[in-house]
Amino acid sequence: MVPATLTAAAGLAVAGALAGLVLPERVRVWVAGALTAGVGVVGGASGVAALGGTRWRAEVPGLLPLAGTHLAVDALSGLFMAVAGAVIAAVAVYGIGYAVGHGSHGLGSRGAQAVLPLFALTLLLVPAAASVSTFLVLWELMALTSLLLVLAEHGARPSVREAGVWYAVMTHLGLVLLLVGLMVYAAQAGGETFAALRAGTAGMSPSVRGLVFVLTAVAFTSKAGLVPLHAWLPRAHPEAPSAVSALMSAAMVNLGVYGLVRVGLDLLGGGPAWWWLLVMALGGLSAVYGILQAAMASDLKRLLAYSTSENMGLVVLGVGAAGLFAHEGNTALAGLALAAGLLHVVNHAAFKALLFCAAGSVLRATGVRNLDALGGLRARMPVTTGLFTVAALGAVALPPGNGFISEWLLLQSMIHGLAVPGVTTAIVLPLAVAVIALSAGLAAAVFVKALGVGFFARPRSEPAAGANESPLLMLTGMGVLAALCAALALVPGLLGDGLDRAVEAVGYTGTHPVSGDGLQVRLDEVSASLSPLWVMAALVVALAAVMTVTRLAARRRVRRMNARLWDCGGGAPTPRMAYTATSFAEPLQRVFDDVLAPEQDVDVTPVRESAYLVERVRFRNRVPDRIEHRLYRPVLDFLAATGQSARRLAGGSVHTYLGYGFFGLVALLVVLVVGW
């Protein structure tokens, strides 16, 4: 089944690309979108088959020069393929409604419609690569196609071009690190297939293994959007078309996690404790820093992008804990931590794709991303509001949201890991528990802000007041994602066998960390269980009881009022009296002032006749990305200064250029002679 479905996915992707290129505008979006959805359906079916226990391997000698193409699918590959396929199918349906009417602009353009199915195909094939050359080629194709889609709306906003430059530089910096790391690995192992890498790992020195791990881990965490290599993520995600943002945030960043698990835990077979302490440090830092930046953001899509960095940080925290537990000899807890991380990959993909699609729905209806200029959408866009609420419940990791169960599993692994002897676990695991709890609390504040200010408050602009509900196809795609969120929230135990097989694929055999009959999740290794469906039933009963008591009490206090209550002469409340996103986040900004380092400026303009009377006061408050400001800005300034200085070398003199060539040739000959 797997070879047939992958072949069908490739055929559909090529057909979709051709349709996007040659078909006329009136049918281009429909045909290319339907074929892209087909890519997701059949590719996802390959992943589901692999999760069910099907393993597959193939070699196509002539497709890539010299090395050939090697593909293999196991349960770990299948998990990421199934997630990508489900997201692609739903977002492709949504994207048809999003792009219709845009004509030759943005996602509806000929180029974007041709690239979209190819990008979808790379998301499915990267986890199926089984050699270094195949993996690198597919990884680069994924980067190039996603870059072209990020730039789809470059004609509408200059900021899109800037975001594209940042994304191109960061993603290719990661590619260089990945290329060097995997080439060193292949050279030392004596082969470039994944099977040869596994076999050759035992004969490698610890220093070489450590070098390979650090290089590849940095590359993979940059793709996952982890701090400090996250700078591309809050720039590219907001500027890309919303359907593309959903694919990148819900499917593409997952492949950074896949690469980390595949290379670090599977091919290298784990490693010393410092590897995984480094990974846990990156994950914990990203979780806290990402959600803090999301709390300060007033741009809705930028807020969601930083939320991606937070959730990927939690996933990587679980991967690092798995490696640490395995190093300490506790394979059972290692399997539980890895299963928790992988389950959060699934849950995050569902609710983040829905969040970005709902944000795109708002943007299409209003043309506004700034929460301070939104409001009133609950009445104007009730379906979108309800769907955004479903996804927000998943993001805050509280029942009945689907993110709750995976973060509960992650907490269970950390708490029970305290029983593992050693000073390292006694220090690191309580910090990890604190990070998970803090990020969950801040996530609740973030999405209360997004819902309260953007949807439930009074409209603050004419576009928000005149918004209309999205087309049926957009709502259909979001409805599919909402149904996935609900299924993952209520019956996550159905994934238990698939998660167990994915964990076993990296070598943690016989652990079976998660089991259940669909209605209940059992952790056999730590004697814990949870039934999300019963939790949901208890919440519904409690809510109904509270509402009933409140209504009965209200009936006894009803009084007829023939006049409006006294309003102190101020009149009816206006939107200016309500919280904005900025004012809502101001208390958190005060608490984390030292971390966020906000920039504030007060400009006082006095009256001309008197220095004591004020004509106008202007206050500006900005919370920049501190890591970008302190780390990237000096590097960029240095490169700019170096480029300006280098211009002096190009004086326009032919004699100077001949001198450069002569001295360069002499230096090369000297190096060759010394080396000989």
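The values are calculated or read from the model by the stated rules, or taken from the named source; none is laboratory data. Bear in mind the structure is a predicted one, so any value in this text is a computation, not a measurement. Glycine gets a Cβ as well: all are built from the backbone with ideal geometry, and neighbour counts include every protein chain shown.
Results for (1) more than 17 Å from VAL446 (Cα to Cα); (2) at pLDDT 90 or above; (3) among the polar types (S, T, N, Q), shown as yes or no for each residue.
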{"site": "LYS301", "(1), (2), (3)": "no, yes, no"}
{"site": "ASN311", "(1), (2), (3)": "no, yes, yes"}
{"site": "GLY367", "(1), (2), (3)": "yes, no, no"}
{"site": "LEU374", "(1), (2), (3)": "no, no, no"}
{"site": "VAL396", "(1), (2), (3)": "no, yes, no"}
{"site": "ILE405", "(1), (2), (3)": "yes, no, no"}
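Between LEU285, LEU215, which is more than 15 Å from the chain's Cα centre (by Cα), in contact (Cβ under 8 Å) with a residue 24 or more places away in the chain and within 23 Å of GLU328 (Cβ to Cβ)?
Unique residue meeting the criteria: LEU285.
Take the conditions among the small types (Gly, Ala, Ser), outside any loop (DSSP other than H, G, I, E, B), modelled with pLDDT under 95 and farther than 22 Å from PRO117 by Cα and apply them to ALA67. Does it pass? Walk me through how you get there before you give the answer.
Details: among the small types (Gly, Ala, Ser): yes; outside any loop (DSSP other than H, G, I, E, B): no; modelled with pLDDT under 95: yes; farther than 22 Å from PRO117 by Cα: yes.
No, not satisfied.
Can you find, within segment 412-464, the residue that is nearest to LEU371 (Cα to Cα) among those that are among the aliphatic types (A, V, I, L, M) and not in a helix (DSSP H, G or I)? Before you say what the answer is, go through the steps one by one.
Initially, segment 412-464 is screened for residues among the aliphatic types (A, V, I, L, M), giving 414-415, 418-420, 423, 426-429, 431-438, 440, 442-446, 448, 450-451, 453, 457, 464.
Still in the running and not in a helix (DSSP H, G or I): 418-420, 457.
On the way: LEU418: 42, ALA419: 45, VAL420: 46, ALA457: 10 Å.
Among them, the one singled out is ALA457.
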- line: Within segment 465-474, of all residues that are assigned to a loop (DSSP other than H, G, I, E, B) and out of contact with any Leu (no Cβ under 8 Å at 6 or more places or on another chain), the one nearest to ALA581 (Cα to Cα) is GLY466
query: In segment 593-641, what residues are in contact (Cβ under 8 Å) with a residue 24 or more places away in the chain and more than 30 Å from TRP232 (Cβ to Cβ)?
result: none
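Here is a yes/no grid of residues against (1) at pLDDT 80 or above; (2) surrounded by 10 or more Cβ atoms within 10 Å (Cβ to Cβ):
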{"position": "LEU631", "(1), (2)": "yes, yes"}
{"position": "VAL635", "(1), (2)": "yes, no"}
{"position": "PHE638", "(1), (2)": "yes, yes"}
{"position": "ALA646", "(1), (2)": "no, no"}
{"position": "HIS655", "(1), (2)": "no, no"}
query: Does segment 175-194 contain at least one residue that is assigned to a loop (DSSP other than H, G, I, E, B), among the acidic types (Asp, Glu) and touching a helix residue (DSSP H, G or I) at 6+ places or on another chain (Cβ under 7 Å)?
result: yes
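Tally the residues that are part of a loop (DSSP other than H, G, I, E, B) and surrounded by fewer than 16 Cβ atoms within 10 Å (Cβ to Cβ), restricting the search to segment 195-233. Explain how you work it out, then say what you get.
In the first step, residues of segment 195-233 are kept if they are part of a loop (DSSP other than H, G, I, E, B); the result is 202-205, 224-232.
Then keep just the ones that are surrounded by fewer than 16 Cβ atoms within 10 Å (Cβ to Cβ); that gives 202-203, 205.
So the answer is 3.
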task: Determine which single condition THR424 fails, assuming it passes every other condition in (1) surrounded by fewer than 24 Cβ atoms within 10 Å (Cβ to Cβ); (2) at pLDDT 85 or above; (3) more than 26 Å from ALA537 (Cα to Cα).
output: (2)
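State whether one or more residues within segment 251-274 are among the hydroxyl-bearing types (Ser, Thr, Tyr), outside the structural domain of VAL362 (by TED's automatic domain parsing) and over 21 Å from ALA340 (Cβ atoms). If you could, list the steps in order and put the result at the bottom.
Let us first name the residues in segment 251-274 that are among the hydroxyl-bearing types (Ser, Thr, Tyr), namely 258.
Okay, now just the ones that are also outside the structural domain of VAL362 (by TED's automatic domain parsing), so 258.
Still in the list and also over 21 Å from ALA340 (Cβ atoms): none.
Within segment 251-274, not a single residue is among the hydroxyl-bearing types (Ser, Thr, Tyr), outside the structural domain of VAL362 (by TED's automatic domain parsing) and over 21 Å from ALA340 (Cβ atoms).
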task: Could you check, for segment 242-250, whether at least one of its residues is surrounded by 24 or more Cβ atoms within 10 Å (Cβ to Cβ), touching a Lys or Arg at 6+ places or on another chain (Cβ under 6 Å) and of a type in the set (Ser, Thr, Tyr)?
output: yes
From the options LEU495, LEU484, residue that is closer than 28 Å to ARG55 by Cα, under 28 Å from the mean Cα position of the chain (by Cα) and at pLDDT 85 or above: LEU484
- line: Over segment 430-456, the set of residues surrounded by fewer than 23 Cβ atoms within 10 Å (Cβ to Cβ), in contact (Cβ under 8 Å) with a residue 24 or more places away in the chain and more than 22 Å from the chain's Cα centre (by Cα) is LEU431, GLY452, PHE456
- prompt: GLY269 is checked against (1) assigned to a helix (DSSP H, G or I); (2) farther than 25 Å from ALA397 by Cβ and fails just one. What number does that condition carry?
  reply: (1)
query: Does GLY269 count as on the phi > 0 side of the Ramachandran plot and buried (at least 24 other Cβ atoms within 10 Å of the Cβ)?
result: no
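Give, as residue ranges, the helices (runs of 4 or more DSSP H) completely inside segment 316-411 that count at least 1 residues that are of a type outside the set (Phe, Trp, Tyr), within 20 Å of ALA295 (Cα to Cα) and touching a residue at least 40 places away in the same chain (Cβ under 8 Å). Show your work before the answer.
Values: elements: 331-366, 377-380, 382-395.
Result: 331-366, 382-395.
Taking LEU121, is it surrounded by 21 or more Cβ atoms within 10 Å (Cβ to Cβ), in contact (Cβ under 8 Å) with a residue 40 or more places away in the chain and either in contact with a strand residue (DSSP E or B) (Cβ under 9 Å, 6 or more places away or on another chain) or assigned to a helix (DSSP H, G or I) (or both)? Steps first, answer last, please.
Values: surrounded by 21 or more Cβ atoms within 10 Å (Cβ to Cβ): yes; in contact (Cβ under 8 Å) with a residue 40 or more places away in the chain: yes; either in contact with a strand residue (DSSP E or B) (Cβ under 9 Å, 6 or more places away or on another chain) or assigned to a helix (DSSP H, G or I) (or both): yes.
So LEU121 passes the test.
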Count of segment 54-94 residues which are of a type outside the set (Gly, Ala, Ser) and over 23 Å from ASP497 (Cβ atoms): 14
query: What is the residue count in segment 453-473 for residues that are among the acidic types (Asp, Glu) and either closer than 18 Å to THR389 by Cβ or in contact with a helix residue (DSSP H, G or I) (Cβ under 6 Å, 6 or more places away or on another chain) (or both)?
result: 1
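Just a yes or no: is a residue in segment 21-29 over 30 Å from LEU499 (Cα atoms), of a type in the set (A, V, I, L, M, F, W, C) and surrounded by 15 or more Cβ atoms within 10 Å (Cβ to Cβ)?
Here is the first cut: in segment 21-29, the residues over 30 Å from LEU499 (Cα atoms) are 21-29.
Right, trim to of a type in the set (A, V, I, L, M, F, W, C) and you get 21-23, 27, 29.
If we keep only those that are surrounded by 15 or more Cβ atoms within 10 Å (Cβ to Cβ) too, we end up with 23, 29.
Yes; the residues of segment 21-29 include at least one that is over 30 Å from LEU499 (Cα atoms), of a type in the set (A, V, I, L, M, F, W, C) and surrounded by 15 or more Cβ atoms within 10 Å (Cβ to Cβ).
Quick check on GLY290: is it at positive phi and under 15 Å from the mean Cα position of the chain (by Cα)? First the steps, then the outcome.
Working: at positive phi: no; under 15 Å from the mean Cα position of the chain (by Cα): yes.
In short, no.
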task: Pairs only if they're at least six apart or on different chains, beta carbon under 9 angstrom, first in segment 48-69 and farther than 14 Å from ALA130 by Cβ, second part of a strand (DSSP E or B); list them, first residue then second.
output: ALA49/TRP56; ALA49/VAL73; THR54/VAL73; GLY62/THR69
message: When you scan segment 444-460, do you find a residue that is in the same structural domain as PHE388 (by TED's automatic domain parsing) and in contact with an Asp or Glu (Cβ under 6 Å, 6 or more places away or on another chain), even just one?
response: no
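Pick from segment 1-10 the residues that are surrounded by 15 or more Cβ atoms within 10 Å (Cβ to Cβ) and more than 24 Å from LEU473 (Cα to Cα): which of them is modelled with the lowest pLDDT? Steps first, answer last, please.
Restricting attention to segment 1-10, the residues satisfying the condition of being surrounded by 15 or more Cβ atoms within 10 Å (Cβ to Cβ) are 2, 5-6, 8-10.
In the following step, the residues that additionally are more than 24 Å from LEU473 (Cα to Cα) were identified as 2, 5-6, 8, 10.
On the way: VAL2: 67, THR5: 83, LEU6: 83, ALA8: 89, ALA10: 89.
Result: VAL2.
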statement: Of the residues in segment 70-81, those that are of a type outside the set (D, E, K, R) and either without any contact (Cβ under 8 Å) to a residue 40 or more places away in the chain or not in a helix (DSSP H, G or I) (or both) number 4
message: Can you tell me which of (1) touching a Lys or Arg at 6+ places or on another chain (Cβ under 6 Å); (2) charged (D, E, K, R); (3) over 18 Å from ALA457 (Cα atoms) is the one ARG369 doesn't meet?
response: (3)
